[in-house]
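Working notes, structure below.
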Amino acid sequence: MVKQVCKEFGWKVVVNPSAMACNVLWFDCCPSGDVFSQLLPYQRTNHFPGTGQITRKDNLARNLNRVRRKCDGGVLDIFPKSWVFPADLQLFRNYVADLKKKNAKRRKKKKRTFIYKPINGARGIGIGLTQKPHTIATSDSLLVQEYLSNPYLVDGFKFDLRLYALITSCDPLTVHLFDDGLVRLSTKEYKAPSAKNIKENCMHLTNYSVNKNSNNFEQTDEDNTGSKRTYQWLLGLLREQGHDVDRLHRRIGEVVVKTMILCEPHMRQGYEACLINQGGLPSQQKDGSSPQSMCFEILGFDVYLSASLKPYILEVNRAPSFTCDSQLDTRIKHDVLRSSLMMMNITSDERTLWEKRARTMAQSRLFSGKLTSTTATRGASSRNRQHTQQTKRQSSSMATEDDDEGDDDDVGDDDDEDDD
């Protein structure tokens, strides 16, 4: 899908390029810092440094827990109670002990359910539920969470949302939430966790990789039927039921923004470090505005809605899957990619202007004998000559690091449109 959309713009697509002589570099996993430090001002890449602080399961939990401890009230009540094993093992045991004390005072005993996930896992592998917390492995690297057991249901099924956000700048932080997305349903009618059904993954997990193998999985191309539907369809259903969908959409947007704020310092620090390696921070444009960011990123936010329509963030995916299994998939993902690249306003003129500026500055330094600080002066003239020779007749180009358009290979944030 990525290559298809780029070709629609008339871009030349080069898979696994031997050099960085492209206007846009698309990576299925976050590239190394060397890639960011070699970017020239006209180039764009589809990742920011530092987003791993929210796309890794353990980092998201740590950062939310850290800030939550400093905030009053329910400002960050957007995430299930979470512990990272083995580091938070004692905190978890203390929490369970407190629950037992409170339960002892109740006439009607209440069993809490916990869900555990391998930090480096993906596609639903290794995820489980338990009401016996002492049975959770303590030596493994796990994210343990209190299971949210009162979901809003669609036709009796639990679901989650896959929503897409485009990050176009980290300073200032600029986030755009796409107005449509996917509703991913489980394939067995939901019942509250009990000893009888706690192993029913197709009831409690909304992972696409788990449910697509179920005999009850329905693959359709309609928005209002099947095991995968659209976010706009859900809003229409909720509106018919009398819910304030504008308020719900605002609340979901707030959850996304709060999550991104956790990541913003790390993104800005990493981005500025790469620019400093190039020879300095970019100056303002002639109109006084900030220069366009060389990085952008499409993140996949997995959101849970409680029975009262309160949104919770479950995961953030750094490389959301753009593999399409249906016309519905194709429509949503195509629009996300096309809208995102249009918003970046990538043109061949930027490259032409930069090459002209680089030649002028190189001549100025040659005749004046002085070094002038500018973005990417380090090696700019030689790289510029290489770029000109390799792509003299190209108007715009796009490189992809991997040919399968698959999931993120980054440890801990692989995506197969999964969540629980």
Tabulated pairs, the range 253-266, first over 14 Å from F301 (Cβ atoms), second hydrophobic (A, V, I, L, M, F, W, C) and open to solvent by 20 Å² or more (accessible area, probe 1.4 Å), C-beta under 6 angstrom, 6+ apart or interchain: E264/L173
Of all residues making up the range 98-111, the number that are of a type in the set (A, V, I, L, M) and surrounded by 10 or more Cβ atoms within 10 Å (Cβ to Cβ): 1
Count of the range 16-37 residues which are in a helix (DSSP H, G or I), without any contact (Cβ under 8 Å) to a residue 40 or more places away in the chain and not hydrophobic (A, V, I, L, M, F, W, C): 1
Test: residue in the range 358-380 that is modelled with pLDDT under 50, outside any helix (DSSP H, G or I), within 27 Å of L143 (Cβ to Cβ) and open to solvent by 10 Å² or more (accessible area, probe 1.4 Å): no
Inter-residue pairs, beta-carbon under 6 Å, first touching a residue at least 60 places away in the same chain (Cβ under 8 Å) and farther than 17 Å from Q145 by Cα and in the range 65-76, second open to solvent by less than 70 Å² (accessible area, probe 1.4 Å) and in a helix (DSSP H, G or I), 6+ apart: none
Top-ranked residue in the range 33-80 [being of a type in the set (A, V, I, L, M, F, W, C) and open to solvent by 30 Å² or more (accessible area, probe 1.4 Å); ranked as nearest to L305 (Cα to Cα)]: V75
Residue among N59, N65 that is in contact with a strand residue (DSSP E or B) (Cβ under 8 Å, 6 or more places away or on another chain), in a helix (DSSP H, G or I) and either among the basic types (K, R) or within 24 Å of I119 (Cβ to Cβ) (or both): N65
Conditions (1) out of contact with any Phe, Trp or Tyr (no Cβ under 8 Å at 6 or more places or on another chain); (2) open to solvent by 20 Å² or more (accessible area, probe 1.4 Å); (3) of a type outside the set (A, V, I, L, M, F, W, C); number of the one not met by G121: (2)
F114 crowded, with 20+ Cβ neighbours inside 10 Å and more than 30 Å from D28 (Cα to Cα): yes
Test set (1) buried (at least 17 other Cβ atoms within 10 Å of the Cβ); (2) closer than 30 Å to Y147 by Cα; (3) modelled with pLDDT of 90 or more - A87 fails condition number: (1)
Condition broken by I298, with the remaining ones in (1) more than 25 Å from Q43 (Cβ to Cβ); (2) modelled with pLDDT of 95 or more; (3) of a type outside the set (G, A, S) satisfied: (1)
Filter result for the condition that a residue is open to solvent by less than 30 Å² (accessible area, probe 1.4 Å), more than 30 Å from E189 (Cβ to Cβ) and not in a helix (DSSP H, G or I), over T174, T168: T168
Positions within the range 177-193 being under 28 Å from T330 (Cβ atoms) and not in a strand (DSSP E or B), in sequence order: S186, T187, K188
Within the range 134-165, considering residues that are over 28 Å from T230 (Cα atoms) and assigned to a loop (DSSP other than H, G, I, E, B), the one most open to solvent (accessible area, probe 1.4 Å): S139
Cross-chain or 6+ apart pairs with Cβ under 7 Å, the range 330-354 first and under 18 Å from L161 (Cα atoms) and among the acidic types (D, E), then open to solvent by 80 Å² or more (accessible area, probe 1.4 Å) and in a helix (DSSP H, G or I): none
Index of the failed condition, M203 passing every other in (1) out of contact with any Phe, Trp or Tyr (no Cβ under 8 Å at 6 or more places or on another chain); (2) in a helix (DSSP H, G or I); (3) open to solvent by less than 30 Å² (accessible area, probe 1.4 Å); (4) over 23 Å from V336 (Cβ atoms): (1)
Residue match in the range 212-227 (condition: crowded, with 21+ Cβ neighbours inside 10 Å, closer than 27 Å to T55 by Cα and at pLDDT 95 or above): no
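The values are calculated or read from the model by the stated rules, or taken from the named source; none is laboratory data. This is a predicted model, so every value here is computed, not measured. Here Cβ is always computed from backbone atoms with ideal geometry, including for glycine, and neighbour counts include all displayed protein chains. Note: accessible area is taken over every heavy atom of the protein model, side chains too, but ligands, DNA and RNA are not part of it. Shrake-Rupley method; radii C 1.70, N 1.55, O 1.52, S 1.80 Å.
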